[in-house]
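Take a look at the structure below.
Each value in this text was obtained by applying a stated rule to the coordinates, not by laboratory testing. These numbers come from a predicted model, not from an experiment. Here the Cβ is made from the backbone with ideal geometry for all residues, glycine too, and neighbour counts use every protein chain on show.
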Amino acid sequence: MNTTKRFFGTAFALLLTTFTFAQVSLGLKAGVNYANISTPDLSIVGIPNTDANRSFTFGAVADIGIKNGFSIQPELNFTKKGFEISQGIPLELLDINLPVGVKAITDLNYIEMPVLGKYTFGNEKMGAYVVAGPTMGYATGGRFKTAASFIIDVNIVNRKFDLDALNISKFDIGGTIGVGGTMNLGNTKWFMDARYTHGFKKLDNVPVIDLDFRNKNFALTTGIMIPLSSGYSSPRA
């Protein structure tokens, strides 16, 4: 815990110092997140393979210009991760195959702080960019839901679960890569991006069954950026 506090404290101090000298923009973003877990073949333990869990994500963004199109983009995001497991049940009525099945959904709520290197290119009106860098996350809670599917989904169970009791690690460290585009709207800049994040840290700490679960997710987001100050005057910033 002390190491984590020192990490966030040092990162905040560096960002505060950089804000004083660099061209800075702040913004908000929101979008959809397709989360899953990387796993070995779950069929060996009698568990069906997992599907993506679609949910929402939102957060605050800063763009700290350096020079010649390069910048640092720290973010503070809320996002849902987890996975789904679906199992179909064959049912035929009047020679018609009906979609019947059960679904189990695991939601994990994360506060994440990516610190991304960013390169922007284009002109004053429109541009594009690539980002890459590390991501640190902290799981604030989880929820388990089950539903029966017969033409429509009917919820059966919807309850919170204790991460500590299930030996699920709350801290996650991963890497993020992405691409995006921007459009200048005068005093604001609209952006849209797509990115992939892969967790490096195992989610489970179960000593008997080592299945090596790790987070992975693909996100599509859009938002606006507003410039606050200008140090460097790069045409690509």
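Once you list every other residue whose beta carbon is under 11 Å from the beta carbon of Ala60, what net charge do they have if Lys and Arg are +1 and Asp and Glu are -1? After counting each charged neighbour, the total is 0. Separation of the alpha carbons by more than 23 angstrom is noted, of Lys125/Lys216; Lys103/Lys170; Lys81/Lys201; Lys80/Lys160; Lys29/Lys103, for Lys125/Lys216; Lys103/Lys170; Lys29/Lys103.
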